[in-house]
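Scroll down for the structure; my scribbles are underneath it.
The values are calculated or read from the model by the stated rules, or taken from the named source; none is laboratory data. In this text, all values refer to a predicted model and were calculated from it rather than measured experimentally. Cβ sites come from the backbone with ideal geometry, for glycine too, and all protein chains shown count toward neighbours.
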Amino acid sequence: MEVIGTGFRMSQVDQRIEAAEALKREWTGKRVTVDDSQPSLRRFAGREGVVKTVNMNGHALIEFDGTVDISWYDVDLAHLREV
């Protein structure tokens, strides 16, 4: 455990939650495209979307533009490019 300023010990779980919350603040609302060189992401080639949130495993949930499909897709942040 890491000791923080007040002497309170932050557990690894707390650190992971804080890291996920920081990613959520950084990425939510951003317009993105995906790295379509990844075989599993080729179906999204040429499409833009909006990051709706970031889940606890550090993946963005993206809603893509221009379709009647309103699903949110789970994509690793490493495979995103901000538009």
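Odds and ends about this structure:
- For GLU63: the one exception among (1) in contact (Cβ under 8 Å) with a residue 12 or more places away in the chain; (2) in a helix (DSSP H, G or I); (3) not hydrophobic (A, V, I, L, M, F, W, C): (2)
- Odd one out for GLY49 among (1) within 18 Å of the chain's Cα centre (by Cα); (2) modelled with pLDDT under 95; (3) surrounded by 11 or more Cβ atoms within 10 Å (Cβ to Cβ): (2)
- Residues that are more than 28 Å from GLU18 (Cα to Cα) and not hydrophobic (A, V, I, L, M, F, W, C), drawn from the stretch 49-83: ASP65, GLY66, THR67, ASP69
- Among (1) at pLDDT 95 or above; (2) part of a helix (DSSP H, G or I), the one test that GLY29 misses: (2)
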